[in-house]
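Chemist: Let me give you the structure first, and then I'll get to my questions.
The values are calculated or read from the model by the stated rules, or taken from the named source; none is laboratory data. Everything numeric here is computed off the predicted structure, so don't read it as measured data. Cβ atoms come from the backbone with ideal geometry, glycine included; neighbour counts cover every protein chain shown. For the accessible areas, the whole protein counts, side chains as well, though only heavy atoms, and no ligand, DNA or RNA atoms are used. Shrake-Rupley method; radii C 1.70, N 1.55, O 1.52, S 1.80 Å.
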Amino acid sequence: MAMAVTRPYPFFVSLLAILLVAIGASKRLEYQTLVVNPLRSSPAFLPDDDFLTWTADSQTLADETDLPNAGGAAFPSSLHVSLAHRDSLLAANSTPEHLLRLRLGRDAARVANLHEILEAATAAGNATRAAGARPRGFSASVVSGLAQGSGEYFTRIGIGTPARYATMVLDTGSDVVWLQCAPCRRCYSQTDPIFDPRLSRSYAAVPCEAPLCRRLDEAGCDTRRRSCLYLVSYGDGSITAGEFSTETLTFRGGVRVARIALGCGQDNEGLFVAAAGLLGLGRGSLSFPSQAGLRFGRRFSYCLVDRTSSSSAASPVKSSSLVFGDSESAVPGPGAAVAFTPMLRNPKADTFYYVELTAISVGGSRVAGVSAAGLGLNPATGRGGVIVDSGTSVTRLARPAYAALRDAFKAGAAELREAPGGFSLFDTCYDLAGKTEVKVPTVVMHLGGGASVALPAENYLIPVDTKGTFCFAFAETDNGVSIIGNIQQQGFRVVFDVARSRVGFLPRGC
């Protein structure tokens, strides 16, 4: 009996060892290479002055009508223009560490602002409306706005007839288009001259009784002029208020879009330093994409380059761009490696672009604490969910999901030397001084509909100083909604295809 029990024992031990080796091999973490490029002290190229000073031929524009095919000229399907990276616009006496701390400080304020907006929206509710007109396409240059002081990306647009050119903030988390207008009661300092509607032939005040006026969340009436008044307030205390109007916008290449409803702000104060105003790209009925509507196929996209990159003749940096319409870069064709996920709607807050984040993989294995159940949108209450936002830099996840993701990454990056103390809102940092490249665990976001977005290493382990300190570029939030920020979006063409209710991510799309 004893002999029968002991004889097979060595065989089972050997078999168990083989199985353990096989299981270990199957669970081996996946890694990719991160090239160690610390923050640079100064840009490696001169500013693109054309972006800052670009204007079209005002006489030609003044003679045109507002029709898309004025004079028989073909309305362009897309327009692409190079632009300066924000590093070429920065003050010479600003250190990279200081600029990054300012950026992360603004980011924290931005997230707090979004949470306040969502809290108010879920309490009050918000009706969703549709808009639109004929499919065509155009694009505008986009520049990182860190140098301008407000924190994100800008484009240069002509306002009025003849067009006066101004730098406008781009924001997928806002709807109302607005800019500072003369005469100003309270206006902040901006780079360009303040727009004077009295000098524009295409400016028209919106009447108090017009349907456009009723679309505003906060509207009033100037009883003397019988014109509609708007007020947009932000969670950080910033406000813009003035006359609600319609005006013609001119994009690079002379493409003109007439009768766009916008706020002409005579009372503006807050964190809007240097830019003339804001081009709202949200999903609400007063955003620019919604107003342009069917004219551009109810779709747009942007691609944002690495904000810390510098260009050289040997290694040129591609430019950021914003594209409206049906061009290939706005909605890639069937052969493109674009990952599309359904666009979800929050019935309580129609501004934001929601998607479903079902899981995140680190090193090829899904993180147990990150799931659709923990990050999902509750349509009944409007709480939770995940939004794609151009104005937030760092991706935020609900606290339990973030903790699980961070711990999984730290376990996979155990061979890297940790840097003590963290940096600003980052709590996981590494000392990579003296290294030219390192291996880091892969990070993949899994979205609804089976879409997967594999992040480049530089989109989640980023430099925070000139000495070689790199930090894991995710953060936690306790306020319900999670946010996919623009650091994680870098290098992807992010497609907002409202016509087909989907959001797409195309790698190397700039």
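Chemist: Of all residues in segment 181-215, count the ones that are surrounded by 15 or more Cβ atoms within 10 Å (Cβ to Cβ) and under 24 Å from Asp107 (Cβ atoms).
Modeler: 3
Chemist: Within segment 426-433, identify whether any single residue is among the small types (Gly, Ala, Ser) and either in contact with an Asp or Glu (Cβ under 8 Å, 6 or more places away or on another chain) or more than 17 Å from Tyr31 (Cα to Cα) (or both), and answer yes or no. First the steps, then the outcome.
Modeler: Pass one, segment 426-433, residues among the small types (Gly, Ala, Ser): 433.
This time we only want the ones that are either in contact with an Asp or Glu (Cβ under 8 Å, 6 or more places away or on another chain) or more than 17 Å from Tyr31 (Cα to Cα) (or both), so: 433.
Looking for residues that are among the small types (Gly, Ala, Ser) and either in contact with an Asp or Glu (Cβ under 8 Å, 6 or more places away or on another chain) or more than 17 Å from Tyr31 (Cα to Cα) (or both), one finds at least one in segment 426-433, hence yes.
Chemist: Residues of segment 353-387 being assigned to a strand (DSSP E or B) and closer than 26 Å to Tyr31 by Cα, which ones? Spell out the reasoning first.
Modeler: Keep residues of segment 353-387 that are assigned to a strand (DSSP E or B), which gives 354-355, 357-362, 365-366, 377-378, 383-384, 386-387.
Across segment 353-387, the qualifying residues are Leu357, Thr358, Ala359, Ile360, Ser361, Val362, Ser365, Arg366.
Chemist: How many residues does segment 416-439 contain that are part of a loop (DSSP other than H, G, I, E, B), over 28 Å from the mean Cα position of the chain (by Cα) and in contact (Cβ under 8 Å) with a residue 24 or more places away in the chain?
Modeler: 7
Chemist: Looking at segment 452-480 only, could you name the residues that are outside any strand (DSSP E or B), touching a strand residue (DSSP E or B) at 6+ places or on another chain (Cβ under 6 Å) and under 22 Å from Ser361 (Cα atoms)?
Modeler: Listed by number, the residues that qualify are Ala457, Tyr460, Ala473, Gly480.
Chemist: Pull up segment 476-497, narrow it to residues that are of a type in the set (Val, Ile, Thr) and more than 18 Å from Ala451 (Cβ to Cβ), then point me to the one that is surrounded by the fewest Cβ atoms within 10 Å (Cβ to Cβ).
Modeler: Out of the qualifying residues, it is Thr477.
Chemist: Let me ask something else. Across segment 376-412, what is the total count of residues that are more than 29 Å from Leu102 (Cβ to Cβ) and open to solvent by 10 Å² or more (accessible area, probe 1.4 Å)?
Modeler: 13
Residue by residue, here is whether (1) assigned to a strand (DSSP E or B); (2) within 19 Å of Arg156 (Cβ to Cβ); (3) in contact (Cβ under 8 Å) with a residue 40 or more places away in the chain holds:
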| position | (1), (2), (3) |
| --- | --- |
| Ser202 | no, yes, yes |
| Cys213 | no, no, no |
| Leu216 | no, no, yes |
| Cys221 | yes, no, no |
| Leu231 | yes, no, no |
| Ile260 | yes, yes, yes |
| Gly265 | yes, yes, yes |
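Chemist: Same structure, new question: Residue by residue through segment 97-119, note down the ones that are within 19 Å of the chain's Cα centre (by Cα) and farther than 19 Å from Cys471 by Cα.
Modeler: Ala109, Arg110, Val111, Ala112, Asn113, Leu114, His115, Glu116, Ile117, Leu118
Chemist: While we're looking at this one, here's another question. Under 6 Å by Cβ, and 6 or more places apart or on different chains, what pairs join a residue from segment 241-255 that is farther than 28 Å from Ser227 by Cα with one that is part of a strand (DSSP E or B)?
Modeler: Partner pairs satisfying both residue conditions: Arg252/Ala140; Val255/Phe138.
Chemist: Take residues that are more than 22 Å from Leu179 (Cα to Cα) and at pLDDT 60 or above and tell me which of the strands (runs of 3 or more DSSP E) falling wholly in segment 280-349 contain 1 or more.
Modeler: 299-303, 339-342
Chemist: Kindly indicate whether any position in segment 281-292 is under 18 Å from Leu114 (Cα atoms), surrounded by fewer than 20 Cβ atoms within 10 Å (Cβ to Cβ) and within 23 Å of the chain's Cα centre (by Cα).
Modeler: Checked segment 281-292: no residue is under 18 Å from Leu114 (Cα atoms), surrounded by fewer than 20 Cβ atoms within 10 Å (Cβ to Cβ) and within 23 Å of the chain's Cα centre (by Cα).
Chemist: Please count how many residues of segment 248-280 are open to solvent by 10 Å² or more (accessible area, probe 1.4 Å) and among the β-branched types (Val, Ile, Thr).
Modeler: The qualifying residues number 1.
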